[in-house]
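Participant: Before I ask anything, here is the structure I am working with.
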Amino acid sequence: MIRREQHGVRWVIPLTTCLTLASALPVRAQQPTTAPAQATATTGQPTLEIYGFGQADAIVDFEQNNPDWYDVLRPSKLPAVNHEFGNDGHFYLSPRQSRFGAKGTLPTSNGDVFAQFEFDMFGVGRDAGHTTIRLRHAYGQWKQIGAGLTNSAFMDVDVFPNILDYWGPNGMLFFRNTQVYWEFYKDGDSNARVAVENPGASGDAGVLSDRIELQNVTGRFPAPDVTGHYRSAAGWGYFQIGGALRYIAYDDLLPNDRFDLNGHTWGWGISGSGAVKRGKSDTLHLQLIYGRGVENYFNDAPVDVGLEPNPGNAITPVKGEALRDLGLAAYLDHSWSDRWTSSIGYSRVSIDNSALQQPAAYRIGQYATANLLWTPVKNVMLGGEFQWVERRNFSDGFTSHDTRLQFSFKYSFNNKVIGG
């Protein structure tokens, strides 16, 4: 399957020279990556900009979660049974949010070419739990056409609030994916984009997972995911609508037994999001998502396809069903002054489980944080954050929680080394 958890690659990169050129940058807890649509217009000269930050997160975890995800807050990684990961109470120090990137623009006789490359140190996939390079962006754009690894056209990255937790609200869309996109409309901060994206999904055989017949069913993706969005921006903020459509096939690799478990299902999703500003001090971030089988586009959600009985069919007694999903996020970013800010909010994911999933399968996840951040100088941010998450299982009545305090220390840099 292809999820947001892109595998890290261990590279050695000579950063020292670049870092000595860096200058100060105003700091947010989570700095969004500048999209090409927001890049500074060129004046006929090539540009190259480097940016990034070093960060340490000190975390007091009063309960527990999956140790591979020790320094982030994900309801799906909470215990599914009592004390699944040992006893409660942990302390962690992590540098894994630290980031480095470069972006540039090259003028040509027929339009500018923009490209961006960015990584952090947060290992996922096979490298989950490790401090190792993880590719975040590697893409370019010429005129209206772009391609590479970047934010999905289905998501709205600006929903992400000014918080310390690396992973962020579970009920928002957040997925970086390899894609080819067409941005056919652009007017200031308003735009429209469609894309074909690398397909992928995950499945759960549930209570039948020990059956040899189900262990020999594999996913297949004969077509790309189709995604897109439209955004309308104004002085008060913006609103955005997005959509995704996908075809998920699954193949039976035991053709000579008495079952035929080949089949397919469709996944789809719609999203509405936006921001409402009140002067310069308050921004309200909102998102609501509904669909089936698009869980891997969520910031934190379980599998995309579950198993359902197929009564009256002895040859195909079960079939895959795209799981219904609902996500929401609501956060308020507030500036107390030029140096002090806070963010508070809530997020939730609800899954309509299939009949044959395990009683301990993930059903509902909740997420809430509140913080106070201080920027004593432009390139330094210090702050503390209260964090709470909850997981509810499908049908066994089990619920788990985690409560944390996170204290972060962030030192940023940004400099145009060419064209400044």
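Participant: Would you list, by chain and number, the aspartates and glutamates whose Cα falls below 18 Å from the Cα of Lys319, excluding same-chain residues fewer than 8 positions away?
Facilitator: Asp204, Asp210, Glu213, Asp251, Asp252, Asp257, Asp260, Asp304, Glu308, Asp352
Participant: Distance from a point 7 Å along Cα→Cβ of Asp257 to each backbone N in region 307-338: keep the residues under 20 Å and list them by number.
Facilitator: Answer for region 307-338: 307-321.
Participant: How high is the relative contact order of region 294-420, given as a whole-number percent (alpha carbon pairs under 8 Å, six or more residues apart)?
Facilitator: Values: 261 pairs, mean separation 21.5, N = 127.
Computed value for region 294-420: 17 percent relative contact order.
Participant: So if we plug the beta-carbon distance of Asp352 and Arg126 into 1/(1 + (r/R0)^6) with R0 = 30 Å, what FRET efficiency do we get, rounded to 0.05? All intermediate terms of the calculation are to be shown ahead of the outcome.
Facilitator: Numbers: r = 31 Å, r/R0 = 1.02.
Taking R0 as 30 Å, the efficiency between Asp352 and Arg126 is 0.45.
Participant: With a/c under 1.5 counting as rounded, go ahead and sort region 156-232 into rounded, prolate or oblate using the C-alpha gyration tensor (a ≥ b ≥ c being the square roots of the eigenvalues; past the cut-off, prolate if a/b is larger than b/c, else oblate). Mind showing how you got there, number by number?
Facilitator: Working: a/c = 4.15, a/b = 1.69, b/c = 2.45.
It comes out oblate by the Cα gyration axes.
Participant: How big is the convex hull of the Cα atoms of region 375-420, per residue, in Å³? Mind showing how you got there, number by number?
Facilitator: Working: hull volume 5.0 nm³, N = 46.
Expressed per residue, the convex hull around the Cα atoms of region 375-420 is 109 Å³.
Participant: Could I ask something else about it? Of Gly125, Gly243, Gly269, which is the most mobile in a GNM of the chain whose springs link Cα atoms less than 10 angstrom apart?
Facilitator: Between Gly125, Gly243, Gly269, it is Gly125 that shows the largest mean-square fluctuation.
Participant: Using only the alpha carbons of the chain, what is the convex hull's orientation-averaged projected area in square nanometres? Can you show the working numbers first?
Facilitator: On the way: hull surface 86.4 nm².
Hull-based average projected area comes out at 21.6 nm².
Participant: With an 8 Å cut-off on Cα pairs and a minimum separation of 6 or more residues, tell me the relative contact order of the chain in percent. Show your work: numbers first, answer last.
Facilitator: On the way: 1205 pairs, mean separation 81.8, N = 420.
Taking the mean separation of contacting Cα pairs over the length of the chain, I get 19 percent.
Participant: Hey, another quick one. Which whole-percent values make up P(r) of region 196-284 when all C-alpha to C-alpha distances are grouped in 10 Å steps starting at zero?
Facilitator: Reading the bins upward from 0: 14, 29, 21, 16, 12, 6, 1.
Participant: All other residues with a Cβ under 13 Å from the Cβ of Thr283 taken together, and with Lys, Arg as +1 and Asp, Glu as -1, what is their net charge? Before the final figure, lay out the partial values.
Facilitator: Values: positive: Arg28, Lys277, Arg278, Lys280; negative: Asp158, Asp282, Asp333.
Within the 13 Å Cβ shell, the charges total +1.
Participant: Which value in nm describes the separation of the simple spin-label points at Lys280 and His401, placed 7 Å from the Cα toward the beta carbon?
Facilitator: Modelled inter-label distance: 4.0 nm.
Participant: Filter the trypsin sites (Lys or Arg not before Pro) in region 53-162 to those in DSSP coil with at most 16 other Cβ atoms within 10 Å of their Cβ, and list the result.
Facilitator: Details: sites: Lys77, Arg96, Arg99, Lys103, Arg126, Arg134, Arg136, Lys143; in loops: Arg96, Lys143.
Qualifying residues, ordered by number: Lys143.
Participant: On the Cα set of region 142-297, report Rg and Dmax in Å, please.
Facilitator: Expressed in Å, the Cα Rg and Dmax of region 142-297 come to 19.1, 68.
Participant: Please give the contour-minus-distance gain from Asp187 to His83: 0.36 nm per residue of separation, less the Cα-Cα distance, rounded to one decimal in nm. Numbers along the way, then the final one.
Facilitator: Working: separation 104, 0.36 × 104 = 37.44 nm, distance 5.28 nm.
Answer, rounded to one decimal: 32.2 nm.
Participant: Specify the longest stretch of the chain that does not include any exposed loop site, a site being one of the chymotrypsin sites (Phe, Trp or Tyr not before Pro) with a non-H, G, I, E, B DSSP assignment and at most 14 other Cβ atoms within 10 Å. Write down the numbers at each step before the final one.
Facilitator: Working: sites that count: Trp11, Phe62, Trp236, Trp336.
My reading of the result: 63-235 is the longest stretch.
Participant: Go ahead and estimate [θ] at 222 nm for the chain from helices alone: -39,500 (n - 2.57) per DSSP H run with n ≥ 4, summed, over the residue count, rounded to 500. Walk me through the intermediate numbers first.
Facilitator: Numbers: 2 runs with 9 residues, N = 420.
Counting only the DSSP helices, I get -500 deg cm²/dmol.
Participant: Want the number for His334 to Lys378: 0.36 nm per residue separation, take away the alpha-carbon distance, what's left?
Facilitator: Values: separation 44, 0.36 × 44 = 15.84 nm, distance 1.78 nm.
Gain in length upon complete extension: 14.1 nm.
Where a number appears in this text, it was derived from the coordinates with a stated rule and is not lab data. Since the model is a prediction, treat every value here as computed from it, not as a measurement. Neighbour counts run over all protein chains shown; Cβ positions are idealised from the backbone, glycine included.
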